[in-house]
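The values are calculated or read from the model by the stated rules, or taken from the named source; none is laboratory data. Keep in mind the model is a prediction, meaning the values are calculated, not measured. Reconstructed Cβ throughout: ideal geometry from the backbone, glycine too, with neighbour counts over all protein chains shown. Each accessible area value is taken on the protein alone, full model and side chains, heavy atoms only, with ligands, DNA and RNA left out. Shrake-Rupley method; radii C 1.70, N 1.55, O 1.52, S 1.80 Å.
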Amino acid sequence: MRVNPLVVLLFNLLLPVAVMFPGNRFQHLFFLSFASFILLLLRRGRRLALFLCVYAVFLAASRVSLWHPGFAGGFFSVFFYISMQFIPCLMMASVLIGDYSPGELISALQPLHLPRSFVVSLVIVLRYIPTFRREFGYIRESMRLRGVPYSVRRPVQSFEFFLVPQLFRCALLADEITAAGLTKGITHPGRRSSYYDVRMQWSDYALCAALFLGTGVLILWR
Amino acid sequence: MNRKLKMKDLVLIALLTAVYMLLYMVSMVVVSVLGPFGHAISPGICGLLSGAVLLFMNRRLGKMWEYTVFTLLVMGAFALMGGGYLPWLVSSVAMAVTADLLASGSRETPVWRLAAASGLLHVGQAWGAIIPSVFFVESYRSHWIERGVSAEEMDGYIRFTRGAMGLLSTAVVFVLAALGMYLGYLILHKHLEKRKA
């Protein structure tokens, strides 16, 4: 089964709003259950298990921190607890980044009537965050192999070796991506057709309704 | 020379935004060990690390609204990942527009102006946390006290985003981000000059 990316987007827009109105202990459980349900619908059980493990670690760390009264204990308790609040968002973001192709995302965001150039740029950001993270790892590895590892004695130079290649690579990559995009008609002003069926289904509307209803009730019932 | 942003420029801004977001995540990890004050100045730490990215953007593009588009993309990506927050968006975009008016006119913008622009850009991000704390702090305070954090500890966190401490956090963020631009210049200027030559 597929879930429309707009449902994921709606979830990730509603949760931060709901977090601004704390007080209902079921609110967080609702969002966590909803995100878990979506991952189960998409048959991403292993990913769900991984997120729940991280959640359990944060929950335990938050509780353990409270055993140590004082500023640091209280701070880390709050820090872990607030991090836990956003794990459902990360679960949904993993769906956006991992389960949809850039073309699908662009098509799904089309009904929002955002400027196309902005949508394309946004999808590029999402697509390249994991790629660059991997590439930073390669740069670090090649620095180690060439005998120029990170050194706290030369922080500026280490930072330079680390960052500069990636910046110049961005400039080259921008040319390649633009050329590929122009070939595919990315600047064409007409409505973009899509190979993917990204229309909202009744199940997507049902999920949106449940999300709105649940969020509204839990904000008002405090 | 056409000063309007073209598709290729937007793609470059998007790629640099992806690099910036990774640096943002690194800075979040760094500040997590610095306690509540670290959290209040986290945009400044990010500015310190990412000055080179903003400098590179200016030297490659030097076009009006580059920082506004960049900020909108950062906010858009955070919104898609669940970090979207209206007061943060408003303060960040307002300061990004100011930064553009100050520094995005050309590829040869002096470094001090870029440093000021980076400072403003990151102060805008910091205000996203500082300004709402004035409105929502009471509900958070009572929520955490209910959960077992003592009133004194809670007031300890809050004070870093209010009153004089809020102003101090703002100043620290501005200075760190401006320093980040000079750090960026230090590591990039010879590479950029080599390319120009």
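Determine whether B:F70 is aromatic (F, W, Y), open to solvent by less than 10 Å² (accessible area, probe 1.4 Å) and either in contact with a helix residue (DSSP H, G or I) (Cβ under 9 Å, 6 or more places away or on another chain) or modelled with pLDDT of 90 or more (or both). Full working, then the answer.
Details: aromatic (F, W, Y): yes; open to solvent by less than 10 Å² (accessible area, probe 1.4 Å): yes; either in contact with a helix residue (DSSP H, G or I) (Cβ under 9 Å, 6 or more places away or on another chain) or modelled with pLDDT of 90 or more (or both): yes.
Answer is yes for this residue.
Annotation note: of A:V119, A:V123, A:V152, the sole residue that is more than 24 Å from B:L12 (Cα to Cα) and of a type outside the set (G, A, S) is A:V152. Here the stretch A:101-114 is the region considered, the condition is being within 10 Å of another protein chain (Cβ to nearest Cβ) and buried (at least 20 other Cβ atoms within 10 Å of the Cβ), and the residue that is nearest to A:L59 (Cα to Cα) is A:L105. Criterion first (closer than 30 Å to A:R25 by Cα and exposed (fewer than 14 other Cβ atoms within 10 Å of the Cβ)) does A:V156 satisfy it? No.
Can you confirm whether B:L114 is crowded, with 20+ Cβ neighbours inside 10 Å, at the interface with chain A (Cβ under 10 Å from one of its Cβ atoms) and not aromatic (F, W, Y)?
Numbers: crowded, with 20+ Cβ neighbours inside 10 Å: yes; at the interface with chain A (Cβ under 10 Å from one of its Cβ atoms): no; not aromatic (F, W, Y): yes.
Answer is no for this residue.
Residues in the stretch A:1-51 that are polar (S, T, N, Q) and more than 9 Å from chain B (Cβ to nearest Cβ): A:N4, A:N24, A:Q27, A:S33, A:S36.
Among the residues of the stretch A:115-129, those that are open to solvent by 20 Å² or more (accessible area, probe 1.4 Å) and facing chain B (nearest Cβ under 9 Å) comprise A:S117, A:F118, A:R127, A:Y128.
Listed conditions (1) under 15 Å from the mean Cα position of the chain (by Cα); (2) within 12 Å of another protein chain (Cβ to nearest Cβ); (3) open to solvent by less than 20 Å² (accessible area, probe 1.4 Å) are all met by A:S77, apart from (1).
For the stretch B:74-96, a residue qualifies if it is without any contact (Cβ under 8 Å) to a residue 40 or more places away in the chain, part of a helix (DSSP H, G or I), open to solvent by less than 30 Å² (accessible area, probe 1.4 Å) and facing another protein chain (nearest Cβ under 9 Å), and the qualifying residues are B:G76, B:A79, B:L80.
The set of residues in the stretch A:1-18 that are surrounded by fewer than 19 Cβ atoms within 10 Å (Cβ to Cβ) and in contact (Cβ under 8 Å) with a residue 24 or more places away in the chain comprises A:M1, A:R2, A:L6, A:L10, A:V17. Looking across B:L48, B:L15, one residue alone is part of a helix (DSSP H, G or I) and facing another protein chain (nearest Cβ under 7 Å). It is B:L15. The set of residues in the stretch A:185-222 being of a type in the set (A, V, I, L, M, F, W, C), closer than 19 Å to A:I38 by Cβ and outside any helix (DSSP H, G or I) consists of A:V198, A:M200.
Here is the figure for the stretch A:81-100: residues that are more than 10 Å from every other protein chain (Cβ to nearest Cβ) and without any contact (Cβ under 8 Å) to a residue 60 or more places away in the chain total 3.
Take the conditions assigned to a helix (DSSP H, G or I), of a type in the set (F, W, Y) and open to solvent by less than 90 Å² (accessible area, probe 1.4 Å) and apply them to A:F168. Does it pass? Judged against the criteria, A:F168 is a match. Here A:P149 clears all of (1) more than 14 Å from chain B (Cβ to nearest Cβ); (2) part of a helix (DSSP H, G or I); (3) of a type outside the set (G, A, S) except the condition numbered (2). Every test in (1) among the aliphatic types (A, V, I, L, M); (2) touching a Lys or Arg at 6+ places or on another chain (Cβ under 6 Å); (3) free of Cβ contacts under 8 Å to residues at least 24 places away in the same chain is passed by B:V26 save one, and that test is (2).
Look at (1) at pLDDT 85 or above; (2) of a type outside the set (D, E); (3) assigned to a helix (DSSP H, G or I); (4) out of contact with any Phe, Trp or Tyr (no Cβ under 8 Å at 6 or more places or on another chain) and you find that A:R144 fails only one, number (1). From the set of residues in the stretch B:33-59 that are open to solvent by 20 Å² or more (accessible area, probe 1.4 Å) and not basic (K, R), which is nearest to A:L182 (Cα to Cα)? Only one residue fits best here, namely B:L49.
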